[in-house]
Amino acid sequence: MINLKTSYLGIELSNPIIVSSSGLTSDIGSLRRAQENGAGAIVLKSLFQEQIIAETELIQNMDLSGHPEAYDLIENITKDTTLSDYILMIIQAKKELKIPIIGSINCISNGDWVEYAKKIEDAGADALELNLFIPPLFHKTSRELEDLYIDILTKVIDKVSLPISVKIGSYFTNIYQITNRLANAGASGIVLFNRFYNPDININTMKLTYASPLSHSDELPHVLRWIALLSGTVETDFAATTGIHSGSDVIKSILAGASAVEIASVIYRKGFEFIPKMLSDIKNWMVDKKFQELSQFKGILSETELMNSTFERFQYIKALSETANSMKYF
Ligand SMILES: Cc1cc2nc3c(=O)[nH]c(=O)nc-3n(C[C@H](O)[C@H](O)[C@H](O)COP(=O)(O)O)c2cc1C
């Protein structure tokens, strides 16, 4: 009997496939479809700190001369409207659905949004994912920027008793350091790596455009490398995100040491109905390899298990010369 259960952030999931924070998790109908198609959990679309600030600023720019008291009132109403829609969705999701619901806040600095974490907890969310990206600043050192990540996490942890995961990008000089600091500061899980919305250039119109927001499977190896390097070393759970497009990609992530995966692009392309196919592909592989449980193969290809530095090899030259014949690079 094949069992796909996994433990992530101290929560038992029926399987490791989590629908990642995105437009796919922004309304109750989609959340229902995620559950119906067998998702192990859902991370809700992020509540954006910037969005709340922007809405508030818009109102601050309104001409309310003669009614100064209205500024505070409207500012609070704006924050509360954005937040209350979010809270209502969590309450409804918790009432209707059985799978774990993870709230998400996208934050770029400290601020009173930390209060929102408490409201998300009170609404019944099972955990909270902090989607953290502090934009690089010319006048700040890397250490100062990294301190902000820790500061934000610490402030949220002080407010709530929910398990907190932190979703980060890979733009750090020393990922060992930042992930270890986040784990020591109390992160129950770390999600590697957020995929940023990138610009592109149209050479015909010579205008700025945007690159595709959707990933491809060939983006996964970068994530696998870091999950494999960190999972046996940094004491927290890891979830893989970016480039997971098949059951095989989920298996790879678990072999590298992930407890779960967070997927968006593959569902945008193939629909929620593709989740059952991914789950059955994982099961078939497990039957073939004679595994009954994920724990039997989780992390067996992590760096701590392999101890052969393969994942630490970043430069091409050796890899290419070793595999030159099969890869036909020469
Ligand atoms: C349209 C779209 C919207 C997204 N919105 C969010 C968001 O609100 N918060 C967040 O943490 N990640 C967001 N993401 C990132 C996804 O959660 C996911 O981590 C990323 O797309 C990589 O996974 P994938 O390769 O399966 O797409 C979004 C992604 C897409 C494509």
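The values are calculated or read from the model by the stated rules, or taken from the named source; none is laboratory data. Bear in mind the structure is a predicted one, so any value in this text is a computation, not a measurement. Neighbour counts are summed over all protein chains in view; Cβ atoms, including those assigned to glycine, are modelled from backbone coordinates with ideal geometry. Side chains are part of the model used for accessible areas, which takes the heavy atoms of the whole protein and leaves out ligands, DNA and RNA. Shrake-Rupley method; radii C 1.70, N 1.55, O 1.52, S 1.80 Å.
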Quick one: pull the percent of accessible area on region 6-327 belonging to carbon and sulfur, 1.4 Å probe, ligands and nucleic acids left out.
54 percent
Restricting to lysines and to Cα separations under 19 Å from Lys119, and discarding same-chain partners fewer than 8 apart, the set is Lys45, Lys79, Lys94, Lys95, Lys155, Lys159
Only sites in a loop by DSSP and with at most 12 other Cβ atoms within 10 Å count here; which chymotrypsin sites (Phe, Trp or Tyr not before Pro) in region 228-323 make the cut?
Phe314
Plugging the Cβ-Cβ distance of Glu115 and Ser7 into 1/(1 + (r/R0)^6) at R0 = 30 Å yields, to the nearest 0.05, a FRET efficiency of 0.50
Region 235-303 shape via C-alpha gyration tensor axes, a/c threshold 1.5
oblate
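In the neighborhood of Val234, defined by Cβ-to-Cβ distances under 13 Å, what is the net charge if each Lys or Arg adds +1 and each Asp or Glu adds -1? Don't jump to the answer; show the numbers that get you there.
On the way: positive: Arg181; negative: Glu235, Asp237, Glu303.
Here the charged neighbours net out to -2.
Please give the per residue accessible area of the chain, computed with a probe of 1.4 Å over protein heavy atoms only, in Å². Write down the numbers at each step before the final one.
On the way: 16800 Å² over 330 residues.
Accessible area per residue, the chain: 51 Å².
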Calculate how many DSSP beta bridges within region 6-327 are antiparallel, expressed in % of all such bridges and rounded to the nearest 5.
20 percent
Shape of region 83-188, Cα gyration tensor, a/c cut at 1.5:
prolate
Provide, in order from the shortest bin, the percent of all Cα-Cα pairs of the chain in each 10 Å bin, continuing until the bin that contains the maximum pair distance.
5, 23, 32, 24, 10, 3, 1, 0
Relative contact order, percent, of the chain when contacts are C-alpha pairs under 8 Å separated by at least 6 residues?
17 percent
By how many nm would the segment from Thr154 to Asp85 lengthen if fully extended, with 0.36 nm per residue of separation less the alpha-carbon distance?
22.2 nm
